[in-house]
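Shown next, in structure tokens, is the structure this report addresses.
The values are calculated or read from the model by the stated rules, or taken from the named source; none is laboratory data. For clarity, every value in this text was computed on a predicted model and none was experimentally measured. Quick reminder, even Gly has a Cβ in these numbers, built from the backbone with ideal geometry, and neighbours come from all protein chains shown.
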Amino acid sequence: MAQHKSAKKRIVRNEKKRVVNHARISRIRTFVKKVESAIAAGDKDLATQALKMAQPELHRGVSKGVLVKNTAARKISRLSKNIKALSA
């Protein structure tokens, strides 16, 4: 256990940030899962709508520091590629 006052403060602060970051990541995963389930169902319109809602969440995750920029770009790219493949 931490002995210094500043180390104890850091433990409390880190735990608060962990909870917030976990909630953000969980929210992003939920939005991505909605897109993936619509793709699996073969519903292009629903998948497109879900992707439009998931994109800002992914970008927000990047701006808040819980996701790397290239990770979000890769996820969006793969999802949109899969949606495009539904029409073919």
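Quick notes on this one:
- The range 70-88 - residue that is in contact (Cβ under 8 Å) with a residue 24 or more places away in the chain and of a type in the set (S, T, N, Q) and, of those, surrounded by the fewest Cβ atoms within 10 Å (Cβ to Cβ): Ser87
- Top-ranked residue of the range 1-24 - restricted to ones that are among the hydrophobic types (A, V, I, L, M, F, W, C) and not in a helix (DSSP H, G or I), ranked as surrounded by the most Cβ atoms within 10 Å (Cβ to Cβ): Ala2
- Among (1) of a type outside the set (Lys, Arg); (2) at pLDDT below 95; (3) exposed (fewer than 12 other Cβ atoms within 10 Å of the Cβ) - the single one Asp43 does not satisfy: (3)
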